[in-house]
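Asker: One structure follows; several queries about it will come next.
Bear in mind these aren't lab numbers, they're just calculated from the coordinates by the rules spelled out. Here the structure is a predicted model, which is why all the values come from computation and not from measurement. Cβ placement follows ideal geometry from the backbone for every residue including glycine, while neighbour counts extend to all protein chains displayed.
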Amino acid sequence: MSNVVDLGNRVYQMDVYGEGRPGRTSSYLIRGSKMAIFETGAANCHERLMAGLTELDARLSEIDYVIVSHVHLDHAGGAGTLIKKLPNARLVVHPEGAKFLMDAPRLEKGVRSVYDVPNFYEIFGQTESVSKELIYTPADEEEIDLGGGRVIKIYHTPGHARHHIIADDPFSKGLFCGDALGTVYYPLSSIIGHDFIFYATPPHDYDLDEGIASCEKIEKLAPEKLYFSHFGVITDVEDILSRTPVFMKKLTVGAGEVLARGGTLKDVEEVYWKCIADQLAEFSKLDCREYIPEIDIWVCSQGLVKYHGRKEKAKA
């Protein structure tokens, strides 16, 4: 069964089975007279990505750019493995993220500090470092010309992570948004009949104000479609851009109130589940915990705890 979808305008989605699951992580091939890949997925997504490129008859020597939205392993963990097979490509990453991709052990250590589970390598695979000379760090609003009338523009979009970027593609009237607007849980969306999205708040550097500013930046770009890394293309852009900041504020404020009362990480997790359930009020009998991995909520709740810890420290 093919894992490739032609989305039109010479954009192709490849389901690379993040964490071994279909509908979890998208990589995209973008074609002008040059080619770019947006997101590699984790290291253990590599075979699926290569199969997609083969199906698309994308010659490895003709791929010029690999763009990763940020350096979390589920987005960029496979970058080191892939870039070694692309003799003419450069890896495009936020300036704050480059140092981590050049030092895979350091990157892995940082992830393990909040996500140290027994099946770590089963989830992410073995991350490889990237040579410095293969990395390109664009400035905010810098353009990448793919030729054939296709020029994509990179924007710095902190919030989810300080090293986050997006790629605006006027050719398709779409925007490759990484995690800047949240995560689409595709299996749950298919059940409820509309796109279910929640904003992820991972450690170490989730920031509410920066996240909302990034949403506003995207709104000003006025894309007609959003290419999510988790997962797929969304066309109801106005709905997403209105709901995401509201969810972020409600979640972050709610977590802060619980922590101010002496609440624990477990209490913050319950705030997260409540905010998710509130989005599914019309499906009150649906147990969202069957569709959203509890470890996702556990990790994101750590991000909220750390965020409020920084705020309190700044007040002192």
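Asker: Could you pull out every residue, at least 5 positions away or on a different chain, whose amide H is within less than 5 Å of the one on E142? Hs are placed 1.01 Å off N in the peptide plane, and Pro or chain starts have none.
Answerer: Those lying under 5 Å, H to H, from E142 are I154.
Asker: Still on this structure, please answer the following. Would you mind putting 207-213, 273-279 in packing order, based on average other-beta-carbon counts within 10 Å, highest first? The partial results should precede the final answer.
Answerer: Values: 207-213: 18.4, 273-279: 15.4.
Ranking the peptides 207-213, 273-279 by packing returns 207-213, 273-279.
Asker: Excluding T40 itself, calculate the net charge of residues whose Cβ lies under 13 Å from the Cβ of T40, where each Lys or Arg counts +1 and each Asp or Glu counts -1. Can you show the working numbers first?
Answerer: Values: positive: R48, K84, K85; negative: E39, E47, D74, E128.
Counting the neighbours of T40, the net charge comes to -1.
Asker: Of (i) 20.9; (ii) 20.3; (iii) 19.7, which one was derived for Kirkwood radius over Cα pairs in Å from the structure shown?
Answerer: Computed from these coordinates, Kirkwood radius over Cα pairs in Å corresponds to label (iii).
Asker: Here's another thing I want to ask about it. Relative contact order for region 205-316 using alpha-carbon pairs under 8 Å, separation at least 6, rounded to a whole percent?
Answerer: Details: 66 pairs, mean separation 31.3, N = 112.
Across region 205-316, relative contact order equals 28 percent.
Asker: Could you give each residue of region 82-94 its phi-based ³J(HN,Hα) in whole Hz, using Karplus coefficients 6.51, -1.76, 1.60 with θ = phi - 60°, and x for Gly or Pro?
Answerer: Per-residue couplings from phi come out as 5, 4, 5, 9, 10, x, 10, 9, 10, 9, 9, 8, 4 Hz.
Asker: Applying the Karplus parametrisation 6.51 cos²θ - 1.76 cosθ + 1.60 with θ = phi - 60° to the phi angles of region 174-184, what ³J(HN,Hα) value in whole Hz is obtained for each residue in order, glycine and proline being reported as x?
Answerer: Calculated HN-Hα couplings, in order: x, 9, 8, 9, x, 10, 5, 10, x, 10, 8 Hz.
Asker: Can you check what the net charge comes to around S172, using other residues whose Cβ is under 14 Å from the Cβ of S172 (Lys, Arg +1; Asp, Glu -1)?
Answerer: Values: positive: R10, R31, R150, K153, K173, K225; negative: D6, D168, D169, E224.
Taking every other residue near S172 into account, the sum is +2.
Asker: Can you tally the net charge around I297? Count Lys and Arg as +1, Asp and Glu as -1, for every other residue whose Cβ sits under 12 Å from the Cβ of I297. Display every interim value, and only then the final one.
Answerer: Details: positive: K266, K274, R289; negative: E269, E270, E294, D296.
Net charge around I297: -1.
Asker: Along the Cα→Cβ direction, 7 angstrom out, place labels at A316 and D145. What is the inter-label distance in nm?
Answerer: 5.3 nm
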